[in-house]
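A quick write-up on the structure given underneath.
The values are calculated or read from the model by the stated rules, or taken from the named source; none is laboratory data. All values derive from a computational prediction rather than experimental measurement. Here the Cβ is made from the backbone with ideal geometry for all residues, glycine too, and neighbour counts use every protein chain on show.
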Amino acid sequence: MPRNLIYQILGVSNIQHFEQQVFDQDHHLVLAIKMKRNAICCPQCQNKELVVRGWTQRQLAAPPIGHKPVLLQVQVPRVKCKHCPGIKHAHLPFAETRKQHTRSFARYVVEMRKCMTICDLARHLGVSEWMIRNIEKEYLKRHFQKPRLKDVRMIAIAEICIGSGHRYLTIVINLQTGAVLLVGNGKGADAL
């Protein structure tokens, strides 16, 4: 299979392969890659007039190929921009900063969570359960944090007691769709 096709399946772009793939002790397929020189830009101003001041290595989880989990060992350049102060790590177009996975891996996890438990998915992908939970939490926050209130016609308000003592939650629900619109601490008008 051509290398470019593999990278397209993994969702990575503007990279060059600089080492053969190997299998580590956990039976992960490890691909060592680095960014192409013409794709490197400043993470602040997106300027391409840079001086590369060394490289650091990031290990990112990628979608599996067949039943083999894939790890990308990415050589990330440390760059000094002529317009911005300081030395920074270049932006990877296929991964978020401070994440240990690619964007395509996160999309794969969200799709597979529809039919697998967190434990099974973590075992299948060879990652921790916390990584799967954090990906799902970010997806839910992005898509369901602010419900659309424009089309709401009828609501229901419920107050429930949680635990022992006098701790309450006020829940507002859209009666037509059943979607939760608000969960407020306390009871009465103060919670709304």
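Observations, loosely collected:
- Filter pass, Ser104 being at pLDDT 85 or above, in contact with a Gly (Cβ under 6 Å, 6 or more places away or on another chain) and closer than 30 Å to Ile65 by Cβ: yes
- Take the conditions (1) without any contact (Cβ under 8 Å) to a residue 60 or more places away in the chain; (2) out of contact with any Pro (no Cβ under 6 Å at 6 or more places or on another chain); Lys88 misses just one of them, which is (2).
- Residues of segment 25-54 satisfying the condition of being surrounded by 15 or more Cβ atoms within 10 Å (Cβ to Cβ) and in a strand (DSSP E or B): Leu29, Val30, Leu31, Ala32, Ile33, Lys34, Met35, Leu50
- Here the strands (runs of 3 or more DSSP E) wholly within segment 74-174 that include at least 3 residues being surrounded by 16 or more Cβ atoms within 10 Å (Cβ to Cβ) are 168-174.
- Hits in segment 108-153 (condition: in contact with a strand residue (DSSP E or B) (Cβ under 8 Å, 6 or more places away or on another chain), of a type outside the set (Val, Ile, Thr) and within 20 Å of Leu10 (Cα to Cα)): Tyr108, His124, Leu125, Gly126, Met131
- Residue check, Glu138 acidic (Asp, Glu) and either farther than 18 Å from His101 by Cα or in contact (Cβ under 8 Å) with a residue 40 or more places away in the chain (or both): no
- Which listed residue, of Val79, Val110, Val127, is more than 25 Å from Ile171 (Cα to Cα), touching a residue at least 60 places away in the same chain (Cβ under 8 Å) and among the β-branched types (Val, Ile, Thr): Val127
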